[in-house]
Amino acid sequence: QVQLVESGGGLVQPGGSLRLSCAASGSIFSINAMRWYRQAPGKQRELVAGITRGGTTNYAESAKGRFAISRDNAKNTVYLRMNSLKPEDTAVYYCNADVLKKGSTRYTAYWGQGTQVTVSS
C-alpha cells in the first residue's frame, strides 16, 4: 500500500506564512509528479502547484509569486511554502502523487487525507 500524509496546516493571520509537508510511504519504487490541490467550502478542488521529479514547477495564477513548491526525492516528500496568505487561501489542502509501486508497471495517483489551512484575523 501507499500512503500520503500531509502536515503543517493551521490557523494563520492574513499576511502570514505556512509550510505544508506531504510524505509518501509504503511500497514505492518511484514517484513522478507531485502536486498540491485545495478545496474551499462550497467550491471545487483546484490545483495549486505541481512539480515533476526533475524539479519543473507549475502554479495556479493565484499562487504565483506567493507559494513555492519543492520536493525531496530521497524522502519521497513534497513541500508547499505559502507566504502572504490571504483569507481566500482558506481551504483543505491535499497532496497528490503519481506513484509507481514496486512490482507494478504503471503509475497510479494517490491522495493524502488533507490538512486544513485557515487564514483569519
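The values are calculated or read from the model by the stated rules, or taken from the named source; none is laboratory data. The structure displayed is predicted, hence computed values, not measured ones. All Cβ positions, glycine included, derive from the backbone under ideal geometry; neighbour counts span all protein chains shown. Accessible surface is based on the protein model in full, side chains and every heavy atom, while ligands, DNA and RNA are left aside. Shrake-Rupley method; radii C 1.70, N 1.55, O 1.52, S 1.80 Å.
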Complete set of residues in the range 1-49 that are in contact with a Lys or Arg (Cβ under 9 Å, 6 or more places away or on another chain), within 10 Å of LEU80 (Cα to Cα) and among the charged types (D, E, K, R) = ARG19
query = Being in contact (Cβ under 8 Å) with a residue 60 or more places away in the chain, hydroxyl-bearing (Ser, Thr, Tyr) and farther than 17 Å from ARG19 by Cβ, is that true of even one residue in the range 81-104?
reply = yes
task = Any residue in the range 1-28 that's within 19 Å of ASN96 (Cα to Cα): show its pairings with residues that are open to solvent by 50 Å² or more (accessible area, probe 1.4 Å) and β-branched (Val, Ile, Thr) at Cβ separation under 6 Å, as long as the two are six or more apart or on different chains.
result = ALA23/VAL5
